[in-house]
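Just below is one structure, and these are the notes that go with it.
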Amino acid sequence: MVPPRSIAALLATNTPPTALDIPFIQSQVDELTLKISALLDAARKLEEQRTKYRAVLSAVRRVPAEILGEIFSMLLPLDLAPADRTAVMRLGLVCRDWRIALLGTLSVWSGLVLDACSCSRYGPHDVAVAHNDNYDGMIQWFSNARGSPKRFSYLVSSQLCYAHREGGNALYRCEADHPTVTRLLKQGPQLDQFTLQVAGPDCFRRWLHCVEGSPNTPDPASSNANTPWQSLRSFELLFISSEFHIWTNPRDPESSIFARLPPITSFRLDLPARISAFEDEDDPSVRHLNIPSSSLERLTSLHLKWDWGVRLLDLLAQCANLELCTIDLDSSTVVLEADADPEAAKWSASLVSLPLLREFRLHRGCIELLDYLEMPALRSMELELAVGELRTGHVTICITRLVERCGLSTTLQYLRVCGLRPDVVTTNVAFVYLPILSALQVLELDSPRIEVYQFGLPDLHQARFREYHMLPVLRHLRLLNLIRSEWTLSSEILYLMKRIRYQSCSITVSYSDGPAFSEEQLQSLVPAPNSQLLSVHVVPSFDSTDKGRKSKPVRRA
């Protein structure tokens, strides 16, 4: 179509087109539209091609499989429940490299969690098939872990076991009687650690019967030292605190449920709360656990949840080879004053000796327990004090007595104290006056009640020189869950600069109610000549009793 002569004028002005101009202009629009569509389609194809080339240059392609494996291990729990195992399989379907990284990360395949089954709703044949498939799947999963230490946890679904309540009910099966668990502990691969959660002592006795047979007629296959049960290194036995299950362990040591423990060196025991475990909770004679002395002497690691009274000291006295000890007192006053309890008086005269203990952790406990312990080899101590604990001054006095009695002044390297309270009711200041700790490198103080830590005693001028000798080689000072305050770090920085052996130290701060100052603002409190030796870091607030992804998915009552 030949354009009218006036088309140039139409394009350069606002003159309306004539009837002869309109068909030509519309054809031009249609032609340009087609060209644009073609060019856009070509641009889209070029963009797709460019994206593919960019993907080849992506840094993700160059991430080593080991780094991917570390990312996956941080994403997943340490021990995997069925839902977690499904997530692993989905990750492995993303691409070949992710699958290779997963298969090369042995920690992903080293720990499994099994819940109580609900197979009673199925017929006998279907039940057998389900347990066989479950067992085969777990064996296949563990095979990917190859030679790395393997962990297995079995968790019950309820704090009430009808099979053992009030004499038992034959219509119900005890949840401890799980065919897959029994088979795995008798015929499966070697396990490093086994965690068993049960509703009560009768359930554990039933589990022992399934795995070992009765005490009078033991199973020959289970008595073999090469079975997973007999070759365990670590065993965790967790009792649920339930008013439905009274503690029924016999007083005869030979009939005790603990008489059949394997030769383990690491033992965790969560006892039920005494208020639910005993009909007469004030009778101390029923609180003997009757764990064989040979089993206790073999232990190098013990984690104990206990609120059963001062008999705790009798048990600890038999653990002479402990290297790591964790005691969770469940906010109970387990140790009474010597003049109020004859058992405590006995141990005041002769302390519980733990000559090889290097790490001691006290959770939800009373600080007075330290007065009954002798730990000359201690290198690390964590104290998480119970709610309503005494004030900072009393806590530091108990720590000082332990340090001086055990000679820890030149050996203690790590100290963590959680749950301190202010020394003066009207202030939020804690006066930290410790003995001279010439080897202490890390000090962690964690309390949502404190805004300032004053290292030294108030109005005690004769002790001023001594306090600057208190922490001569401290490298890390962690002040967690502080209260917002305009005085944050003012006292602490001044003390660190005045130490008698002034050297580099990092300060980590978190706030219980959000940050009051930025990291740059707190760093500015350090004088310029000292800024290379004192560094300040602000981290988000967190519950320090929460162990993150590494904690086991164990159900608590």
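Remarks
- Quick note on the range 54-134: its Rg to Rh ratio, both from C-alpha atoms and Rh being the Kirkwood radius, is 1.16.
- Neighbourhood charge, 12 Å Cβ-Cβ cut-off, centred on Leu103 and excluding it, Lys, Arg +1 and Asp, Glu -1: +2
- Taking 0.36 nm per residue of sequence separation and removing the Cα-Cα distance, the Arg61/Ala38 pair yields an extension gain of 4.9 nm.
- Inter-label distance, Ile139 to Arg251: 4.7 nm, where each label sits 7 Å from its Cα along the C-beta direction.
- Spin-label pair Ile22-Thr333: with each label point 7 Å from Cα along the Cα-Cβ axis, the two points sit 10.1 nm from one another.
- Computed E for Leu46/Val94 - FRET, C-beta separation, R0 22 angstrom, nearest 0.05: 0.20
- Applying 1/(1 + (r/R0)^6) with R0 = 25 Å to the Cβ-Cβ distance of Ser294 and Asp314 gives a FRET efficiency near 0.95.
- Label-to-label distance, nm, for residues given as His537 and Ser158 (7 Å Cα→Cβ offset): 4.8
- Distance violations [Cα-Cα > 31 Å] among Lys150/Lys305; Lys305/Lys498; Lys150/Lys346: Lys305/Lys498; Lys150/Lys346
- Computed on the range 6-155, with alpha-carbon pairs under 8 angstrom and 6+ residues apart, the relative contact order is 21 percent.
Every number here is computed from the coordinates shown, using simple stated rules; none is lab data. Treat the numbers as computed from the prediction; the structure is a model and nothing was measured. Using ideal geometry, Cβ is built from the backbone for each residue, glycine included, and neighbour counts are taken over all protein chains shown.
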